[in-house]
Amino acid sequence: MGSEDDETRRFVGQWTVSEVCAWLDSRPLGVHGGPLLETASNHAISGKALLRLTEETMERMGIVPQSLRKVLMHEILCLRIQQEMEDLLDITDGSDTRLSAAE
């Protein structure tokens, strides 16, 4: 039903290039949306690569407006936090990881 819900349920680090493009397309990027999709596609930005992007990398890729890079970094940082939380939940899911050293 909601494609954004489906995307956020899957680990960001596992997103394909087309899923990254769909995520970018869902962001309110105005006139920059089209060129960003093209850049992501041309550079084959997967979810794993997206999580590793920096402002400097984006600038080298041709994303020139600093204000746009800052907006994207904010969005990417939110995705990084989401990914970290999912990783932590995955590690602890269904198992008690506490050591019983005191016993």
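The values are calculated or read from the model by the stated rules, or taken from the named source; none is laboratory data. Because the structure is predicted, anything quoted here is derived from the model rather than measured. Cβ: placed from backbone, ideal geometry, glycine included. Neighbour counts: every protein chain shown. All accessible areas refer to the heavy atoms of the entire protein, side chains included, with ligands and DNA or RNA removed. Shrake-Rupley method; radii C 1.70, N 1.55, O 1.52, S 1.80 Å.
Taking region 68-89 as the range and being among the acidic types (Asp, Glu) and in contact with a helix residue (DSSP H, G or I) (Cβ under 9 Å, 6 or more places away or on another chain) as the test, the residues that pass are 75, 86, 87. Is it the case that residue 50 is buried (at least 17 other Cβ atoms within 10 Å of the Cβ) and free of Cβ contacts under 8 Å to residues at least 40 places away in the same chain? It is true that residue 50 is buried (at least 17 other Cβ atoms within 10 Å of the Cβ) and free of Cβ contacts under 8 Å to residues at least 40 places away in the same chain.
Inside region 14-29, residues that are farther than 18 Å from residue 77 by Cα and surrounded by fewer than 14 Cβ atoms within 10 Å (Cβ to Cβ) make up a count of 2.
Consider region 30-47 and keep the residues that are open to solvent by less than 20 Å² (accessible area, probe 1.4 Å) and of a type in the set (A, V, I, L, M). The one that is farthest from the chain's Cα centre (by Cα) is 36. Summed over region 1-35, residues that are of a type in the set (A, V, I, L, M), modelled with pLDDT of 90 or more and more than 21 Å from residue 89 (Cβ to Cβ) total 4. Counting the residues of region 53-88 that are in a loop (DSSP other than H, G, I, E, B) and exposed (fewer than 15 other Cβ atoms within 10 Å of the Cβ) gives 4.
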